[in-house]
Amino acid sequence: MKNNKIKAVESVELKIGDKSFNLPIRKASIGQDVIDVSNIYELTGYFTYDPGYMSTASCKSAITYTDGDQGILRHRGYDIKTLAEKCDFLEVAYLLLNSELPNREQYEKFSSNISNHSLVYEQLRNLFIAFHHSAHPMSIMLAVVSSLSSFYPKSLTIEENEGELASIRMIAKIPTIAAMTYKYSIGQPFIYPNNNLDFTENFLHMMFATPCEKYKVNPIIKNALNKIFILHADHEQNASTSTVRLSGSSGANPFACISAGIASLWGAAHGGASEAVINMLKEIGTIDRIPEYIAKAEDKNDPFRLMGFGHRVYKNYDPRAMILKDACKEVLDDLGKHNDPLLQVAIELEKIALNEQYFIDRKLYPNVDFYSGIIYQAMGIPSKMCTVLFAIARTAGWMSHWKEMHEDLEQRISRPRQLYAGYVQREFIKFDQR
């Protein structure tokens, strides 16, 4: 169903010289209202300038709501804490895609469809051998996901069945591809999906089973990973989601759009944060070196930064971190990993961040990447795979936004403007006179 345009009930006056212009204010259902500047060039002859879109809403969406000051994250109106405690990942994925939580019949059908589409074309095996075994898993994943466009070349329309099928295929195949990138990196055979396992169990099975030894899923690990998947499923108009929307606005194949999102997610300032947390813990090494690195972090002239603390959106405690903190403790207790040197560093850093005034004043609380990084380390997942697991979860959000974007009557191909700051015009100089 197509979304209707949000009605403007108020306006603001913009003065340029001796001329005045009225710009409509569009009301949000909750949170920040916006000034509609979509026709400001037509009215005034000016564009707006907003590097990083810090004050610009690029679209309207009914999927996720965040309030950074209050530490609120909701999907389709449901608080993230409720979803993480009471749902599994596929329930949340269904919610993101369809606006409502599934009933039993809907869940069983959705779960069955995901399982039945988890297998990838056998020809994909040949693509992996083109990569060096030491290649970063995200580089392999990016290429393999993009290649799905060649197996499903039709530029899918957003008719109900087609959009649903594209979403199911992508959510189903991304864990299989992720596990394949891991197996390839360590020189082990690929493990095929098992349709008798649920989504999270199946991923763990593909990651850690071998042809000669079955893998028994630890329920504590499964529960923690299920929470991580839910907590990373969507987060409003972040860099990777905006990339998927921008790519999708041109009518690109959805698998190509997700590949573009993976490329954006790879950055250390975005999805690479969990990997950066593990690398930071390795750099610090031991508890006795923590004061040295705290001093480095407090030194404005030192390039070192503590990773996994603070968040661009949340000016309070990241609500996802509060949920994952308990799961992290359960994992460490169950695996008996408290004596692991890196995890000891992480636990001590957490204590410092929650109690020292430097961190409190700057609201540098541990974020979701900090705790997910610790859990991955305890599970034995290499740091390079952290962002890959992020991509598994975020695919549900990406496909929800891709679907929503195509249902929006106001959607047009994205075309940001610029403030040109280069040469005005230059005379050409012949080659031998330069």
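The values are calculated or read from the model by the stated rules, or taken from the named source; none is laboratory data. Not measured: the values here are computed from a predicted model. Please note: Cβ atoms are built from the backbone with ideal geometry, for glycine as well, and neighbour counts cover all protein chains shown.
A few notes on this one:
- Residue satisfying condition, being among the charged types (D, E, K, R), farther than 28 Å from R74 by Cβ and out of contact with any Gly (no Cβ under 7 Å at 6 or more places or on another chain), within set E275, E283: E283
- Checked against the criterion of being in contact with a Pro (Cβ under 6 Å, 6 or more places away or on another chain), outside any loop (DSSP other than H, G, I, E, B) and not hydroxyl-bearing (S, T, Y), the candidates F255, F203 yield just one match: F203.
- Exactly one residue out of G310, G285, G336 is at pLDDT 90 or above and on the phi > 0 side of the Ramachandran plot: that is G285.
- The number of residues in the range 169-191 that are closer than 23 Å to Y107 by Cα and assigned to a loop (DSSP other than H, G, I, E, B) comes to 0.
- From E236, E275, residue being crowded, with 24+ Cβ neighbours inside 10 Å and acidic (D, E): E275
- All positions within the range 383-416 that are loosely packed, with under 10 Cβ neighbours inside 10 Å and basic (K, R): R412, R415
- Of the strands (runs of 3 or more DSSP E) lying entirely inside the range 13-75, those containing at least 2 residues that are farther than 23 Å from P416 by Cα and in contact (Cβ under 8 Å) with a residue 40 or more places away in the chain span 64-67, 72-75.
- Residue-level check: of (1) aliphatic (A, V, I, L, M); (2) under 30 Å from E410 (Cβ atoms); (3) over 19 Å from the mean Cα position of the chain (by Cα), M54 misses just (3).
- Among the residues of the range 41-56, the ones that are farther than 17 Å from S242 by Cβ, out of contact with any helix residue (DSSP H, G or I) (no Cβ under 7 Å at 6 or more places or on another chain) and of a type outside the set (S, T, N, Q) come to 5 in all.
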